[in-house]
Amino acid sequence: MNIKKSNFMKGILFSLVLVFIVGTLSACGGGSKDVIKVGSKEFTEQLLLGQITILALEDAGFEVEDKTSVAGSDKVRMALENGDFDLYWEYTGTAWLSQLQHDEPLTDSQEAYEKVRDEDAGNGFSWLQYAPLDNTYTLMMRREDSENLGIKSISDLAKYINENPGEITTAIDHEFSIRPDGYPGIQELYGFSQSEDAIKIMDLGIMYKTLQDGQVEVAMGFATDGRIAAYDLVNLEDDKNFFPVYNASPVVRNDSLEKNPEIKEILEKIAPLLDTDTMTQLNYEVDINEREPEEVAREWLQKEGFID
């Protein structure tokens with residue numbers, strides 16, 4: 001065999017070995033999972049939901065890219081549409097009223113979930129099982145007042161106001177004072193009325209502290225805010241279902257879910273445990289005790305046995 005022929009044969013042998021190695025590596029890596037891009041909005045509850053999702057997926061073996069803390073519902077929706085996110089948690093009320101642009105608010109959790117799930121399926125998104133947590137509007141009282149006056153629901157409040165005119169002062173913000181689905185609508189549905197002197201208009205940011213300090217007896221708020229637990233306030237039951245529902249649900253791009261169907265099983269085990277009391281307490285740990293969302297999310301997942 002001459003030198004040229006020997007080199008030629010060595011070249012062929014090297015190429016075959018290289019092809020074998022590449023093929024073997026490809027086969028080993030063929031079963032690897034995609035990088036899952038998890039997004040969220042920028043406020044505390046959303047950051048917590050994002051970290052819960054990231055930690056759960058990482059524990060299941062996924063490589064996850066943290067794309068949380070994006071300001072604005074429109075921007076996170078656009079990120080999902082563009083493929084910048086594979087998933088994030090959205091609220092049924094937000095999707096129904098803002099993103100799908102319906103005018104009539106929905107007050108039943110299951111109905112709202114089914115309607116947004118079915119309509120968004122046509123947009124290429126899958127709404128997984130929703131969580132019981134409902135981050136909707138609420139009317140709050142100090143726990144002590146609620147128990148002493150026997151006011152547990154908005155119907156109880158209406159009855160008390162009608163029987164004791166002028167004794168209850170309510171704090172609301174300007175928008176809530178004029179929206180048809182705000183305080184005017186509540187008074188109409190529940191059958192009570194307060195004078196202008198008994199309604200204090202103020203910024204939402206000081207509402208919780210004003211109520212805690214006893215400057216008013218009732219205030220509006222958001223049902224899963226951590227300050228409700230921190231200030232020992234209670235949400236009055238909306239027993240006539242006035243407020244639209246805002247249950248949170250993981251929303252996943254269909255193409256991502258088809259390639260990674262395990263995501264559904266993982267997140268649908270977690271969602272049912274995230275009720276309003278649980279989410280309020282998690283928000284409290286971040287907002288009041290100033291802990292990091294990842295730390296709080298990890299602790300909760302470990303306590304519930306989802307991760308080690």
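The values are calculated or read from the model by the stated rules, or taken from the named source; none is laboratory data. Fair warning: this is a prediction, and the values are worked out from it, not measured in the lab. Because the Cβ atoms are built from the backbone with ideal geometry, glycine has one as well, and the counts that use them run over all protein chains shown. Protein only, heavy atoms only, side chains kept; ligands, DNA and RNA dropped before computing areas. Shrake-Rupley method; radii C 1.70, N 1.55, O 1.52, S 1.80 Å.
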> For region 247-269, what are the residues that are part of a strand (DSSP E or B) and among the polar types (S, T, N, Q)?
Replying inline: ASN247, SER249
> Restricting region 256-283 to residues that are of a type outside the set (Val, Ile, Thr) and more than 23 Å from THR94 (Cβ to Cβ), which is nearest to the chain's Cα centre (by Cα)?
Replying inline: LYS269
> Applying the selection to region 154-171, what residues are open to solvent by 10 Å² or more (accessible area, probe 1.4 Å) and within 29 Å of the chain's Cα centre (by Cα)?
Replying inline: SER155
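If a residue must be under 16 Å from ASP238 (Cα atoms) and either open to solvent by less than 30 Å² (accessible area, probe 1.4 Å) or β-branched (Val, Ile, Thr) (or both), how many such residues does region 188-204 contain?
2
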>> Need pairs with beta-carbon distance below 6 Å; first residue at positive phi and within region 230-252, second surrounded by fewer than 18 Cβ atoms within 10 Å (Cβ to Cβ); sequence gap 6+ or separate chains.
In response: ASP232/ARG143; ASN241/THR107
> For region 215-235, what are the residues that are under 24 Å from GLY166 (Cα atoms) and of a type outside the set (Gly, Ala, Ser)?
Replying inline: GLN215, VAL216, GLU217, VAL218, MET220, LEU233, VAL234, ASN235
> Among ALA198, ALA112, which is small (Gly, Ala, Ser) and over 29 Å from the mean Cα position of the chain (by Cα)?
Replying inline: ALA198
> Within region 124-142, can you find the residues that are over 24 Å from VAL234 (Cα atoms), open to solvent by less than 30 Å² (accessible area, probe 1.4 Å) and assigned to a loop (DSSP other than H, G, I, E, B)?
Replying inline: GLY124, LEU128
>> For region 92-123, give me each residue that is at pLDDT 95 or above and open to solvent by less than 10 Å² (accessible area, probe 1.4 Å).
In response: THR92, ALA112, VAL116, ASP120
> Has region 210-226 got any residue that is in contact with a helix residue (DSSP H, G or I) (Cβ under 8 Å, 6 or more places away or on another chain), in a helix (DSSP H, G or I) and buried (at least 19 other Cβ atoms within 10 Å of the Cβ)?
Replying inline: yes
> When both residues are 6+ apart or on different chains and their Cβ atoms are under 8 Å apart, which pairs have a first residue that lies in region 151-173 and is in contact (Cβ under 8 Å) with a residue 60 or more places away in the chain, and a second that is surrounded by 23 or more Cβ atoms within 10 Å (Cβ to Cβ) and assigned to a helix (DSSP H, G or I)?
Replying inline: ILE151/LEU157; ILE154/ILE186
